[in-house]
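Let me begin by presenting the structure, written as structure tokens, before commenting on it.
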């Protein structure tokens, strides 16, 4: 489908502004209106046409915020108009039932149940809610890694100052020999006082996928709870939260699910909900109800509605098909840069230990200089990473990225390495 025909067809995807927001659940599906495409090349060309991209540079930094494809963006704008038309009526009568519907759809997507899922604003809110609301006692211990995300590490520092919790910090190797090496790192720090382990499902600075289920099994054998940072995983590759047997899981939906900004997911095992203090208090006194942890006041509720459209778009693609595409794009550039003089790929070579995100550095150039040169000289946008044993640029292409663009990136890195 060429772009002209796509834009013409896009009008048929829009919801009439006269439709009540209370009727959105009957009209939110994109999957029935998008074309069925069996050929992969044709699919990714069509997907590319769904995005309005700047010509100024090649965007290889989708990991921070995913650009929203036009079918989702069009519906999002309609949702804003609908909520604005109904105003307080929507907030009082339709908000909760639509939120319950979207929560049910999210639960199905991540392989869990609605009574264990809450919609938040992002992964940081989800995970900081657990860290700050955990029933800490003096001299309790927590374990996390240097490679974990900064705001969660800072929250652990705050609870250390506030409650006297002892934080034990490990360092995850960029190229582990096997799963057992990772599991043993966390296990080596466990004592009788250890209460909570935070672990990344995918390390955001390198794209390394950790053996979450094995870590959870190990922690459970010691009676230790596990909180998983899955900020980059939901919408990138296929998994089921319930399969992990973790206690808590947080993710950002504005990343690989491509929702508008302001949407995140929190999973709390139904047997643990009662033990967490809410971030914002509300009138729900039932400590077993996850909605007690989900009060976020007046917020952009139209973003919540767009989650349904993002799920539809992902289902149109197929999560396994998208996962295959994301892994292909990462391996397309990273395999060609391994074993090149002065080039260091900081992402594991084992295909099962990564997906769409990777990291590459140069021995003859600092990460900041590398990112600056890529942008200024080659018009390629990336982000520099220079901490926790990782020196390089994070490379996070998207499903709209072409191999021609990655060819230009590989060429640029090879030239910079000489």
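Here are some residues: 195, 213. Which one is modelled with pLDDT of 95 or more, assigned to a helix (DSSP H, G or I) and assigned by TED's automatic domain parsing to the domain that holds residue 112?
None of the other options fit; the residue is 213.
Right, residue 284: in contact with a helix residue (DSSP H, G or I) (Cβ under 7 Å, 6 or more places away or on another chain), part of a loop (DSSP other than H, G, I, E, B) and without any contact (Cβ under 8 Å) to a residue 24 or more places away in the chain or not? Quick ask: steps written out before the conclusion?
Values: in contact with a helix residue (DSSP H, G or I) (Cβ under 7 Å, 6 or more places away or on another chain): yes; part of a loop (DSSP other than H, G, I, E, B): yes; without any contact (Cβ under 8 Å) to a residue 24 or more places away in the chain: yes.
Criteria met by residue 284.
Which of (1) in contact with a strand residue (DSSP E or B) (Cβ under 9 Å, 6 or more places away or on another chain); (2) free of Cβ contacts under 8 Å to residues at least 40 places away in the same chain is the odd one out, the single condition residue 274 does not satisfy?
(1)
Check 15, 30, 53 and return the single one that is within 23 Å of the chain's Cα centre (by Cα), part of a loop (DSSP other than H, G, I, E, B), surrounded by 12 or more Cβ atoms within 10 Å (Cβ to Cβ) and modelled with pLDDT under 90.
On the way: 15 fails: within 23 Å of the chain's Cα centre (by Cα); 53 fails: modelled with pLDDT under 90.
When all the criteria are applied, what remains is 30.
Based on what the data block shows, is residue 347 under 30 Å from residue 105 (Cα atoms) and buried (at least 18 other Cβ atoms within 10 Å of the Cβ)?
For residue 347, the condition - under 30 Å from residue 105 (Cα atoms) and buried (at least 18 other Cβ atoms within 10 Å of the Cβ) - is not met.
The values are calculated or read from the model by the stated rules, or taken from the named source; none is laboratory data. All of these numbers come straight from a predicted model, not from anything done at the bench. Virtual Cβ from ideal backbone geometry, glycine too; neighbours counted across all protein chains shown.
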